[in-house]
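Peer 1: One structure, pasted below without further comment.
The values are calculated or read from the model by the stated rules, or taken from the named source; none is laboratory data. Note that the structure is predicted; figures quoted are calculated from it, not measured. Cβ: placed from backbone, ideal geometry, glycine included. Neighbour counts: every protein chain shown. These area figures cover heavy atoms from the full protein model, side chains too; ligands, DNA and RNA do not enter into them. Shrake-Rupley method; radii C 1.70, N 1.55, O 1.52, S 1.80 Å.
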Amino acid sequence: MDNQENMVELDVRQDLAMKKEPFDKIMGTVKSLNNGEGFILHAPFNPLPLHKILKRRGFTYETEKIEKKHWKVIYIKQEGDAK
């Protein structure tokens, strides 16, 4: 997952701090992606439930803890996903 140049970046830390649910924003991005494309998510925690949802939709992911309340997750939609 080296090519991060043309990826959409979503930072939902501020949304969550303001008690806004970012799920629809994330899923809107997910629906716009083709096989081989991906996005970078910035969140205040490791979003384990989201990993499970996106894995079922054919995504792989890598996580990186940047600091105490900043996680960076790179999601890539894999080839062959029928959805």
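Peer 1: Mean separation of Cα pairs under 8 Å and 6+ residues apart, divided by the residue count of the chain: what relative contact order is that in percent? Walk me through the intermediate numbers first.
Peer 2: Details: 117 pairs, mean separation 26.8, N = 83.
Relative contact order here is 32 percent.
Peer 1: A further question follows. Rounded to the nearest 20 debye, what is the charge dipole size of segment 9-83 about its Cα centre when +1 sits on each Lys and Arg Cβ and -1 on each Asp and Glu Cβ? Please report the intermediate quantities before stating the final value.
Peer 2: Details: 15 positive and 11 negative charges, 66 e Å.
Result for segment 9-83 is approximately 320 debye, rounded to the nearest 20.
Peer 1: Quickly work out the Met27-to-Lys52 label distance, labels modelled 7 Å from Cα along the C-beta direction, and quote it in nm with one decimal.
Peer 2: Calculated label separation equals 1.6 nm.
Peer 1: Between Lys20 and Thr60, what length in nm is gained on full extension when 0.36 nm per residue of separation is reduced by their alpha carbon distance? Present the calculation step by step, with values, prior to reporting the outcome.
Peer 2: Details: separation 40, 0.36 × 40 = 14.40 nm, distance 2.57 nm.
Extra length from Lys20 to Thr60 when fully extended: 11.8 nm.
Peer 1: Expressed as a whole percentage, what fraction of the accessible surface of the chain belongs to carbon and sulfur atoms when a 1.4 Å probe is rolled over the protein heavy atoms? Walk me through the numbers before you get to the answer.
Peer 2: Values: 2700 of 5580 Å².
Accessible surface attributable to carbon and sulfur in the chain totals 48 percent.
Peer 1: Further question: To two decimal places, what compactness ratio does the chain give when its Cα radius of gyration is scaled by 2.2 N^0.38 Å?
Peer 2: Working: Rg = 12.3 Å, N = 83, 2.2 N^0.38 = 11.8 Å.
Rounded to two decimals, the normalised Rg is 1.04.
Peer 1: Which of the pairs Lys25/Lys55; Lys25/Lys52; Lys31/Lys69 have their Cα atoms more than 21 Å apart in this structure? Don't skip to the answer; put the middle values down first.
Peer 2: Working: Lys25/Lys55 18 Å; Lys25/Lys52 17 Å; Lys31/Lys69 27 Å.
Flagged as over cut-off: Lys31/Lys69.
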